[in-house]
1. Scan the stretch 73-91 residue by residue and report those that are exposed (fewer than 14 other Cβ atoms within 10 Å of the Cβ) and in contact (Cβ under 8 Å) with a residue 24 or more places away in the chain.
2. What residue, among those in the stretch 30-82 that are among the β-branched types (Val, Ile, Thr) and assigned to a helix (DSSP H, G or I), is nearest to ASP11 (Cα to Cα)?
3. Which residue pairs have Cβ atoms under 6 Å apart, sit 6 or more places apart or on different chains, and have a first residue in the stretch 42-54 that is free of Cβ contacts under 8 Å to residues at least 60 places away in the same chain and a second that is in a helix (DSSP H, G or I)?
Amino acid sequence: MNDDTTEPTIDVEQALGQLAARGAEVRAEQLEEALTRLRADGDLTDEQVAALEQLSERLVDRLLAVPEETLREAANRGDEEAVETAMELFG
């Protein structure tokens, strides 16, 4: 086995997974809080709930798009420090 062929230590997929999981966690918490407040003022239709769920998903997707792309670019450059920092922040 040749010592020059080492596998990269960057696990960008794990970092992206942690980022997505944290986004989903925050989305769910905030959606539940908003639904609770709105339901306190009266009933919500299924369409209104669906619209809020879709809005929360789109917001998280849009907010995480740039960090996800940045992580992929860092991994492609071999920037382990950037990926490790992201894992610490979102792990």
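The values are calculated or read from the model by the stated rules, or taken from the named source; none is laboratory data. Worth saying up front: this structure is predicted, and the values here are computed from it rather than measured. Cβ atoms come from the backbone with ideal geometry, glycine included; neighbour counts cover every protein chain shown.
1. Taking the stretch 73-91 first, the residues exposed (fewer than 14 other Cβ atoms within 10 Å of the Cβ) are 73, 76-78, 81, 88-89, 91.
Passing the criteria: GLY78, GLY91.
2. First, pick out the residues of the stretch 30-82 that are among the β-branched types (Val, Ile, Thr): 36, 45, 49, 60, 66, 70.
Those left that are additionally assigned to a helix (DSSP H, G or I): 36, 49, 60, 66, 70.
Values: THR36: 38, VAL49: 36, VAL60: 22, VAL66: 18, THR70: 14 Å.
Result: THR70.
3. Partner pairs satisfying both residue conditions: LEU44/LEU38.
Yes or no, residue by residue, for (1) at positive phi; (2) of a type outside the set (Gly, Ala, Ser); (3) modelled with pLDDT of 95 or more:
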residue: ALA50; (1), (2), (3): no, no, yes
residue: SER56; (1), (2), (3): no, no, yes
residue: ASP61; (1), (2), (3): no, yes, yes
residue: VAL66; (1), (2), (3): no, yes, no
residue: LEU71; (1), (2), (3): no, yes, no
residue: GLU84; (1), (2), (3): no, yes, no
residue: LEU89; (1), (2), (3): no, yes, no
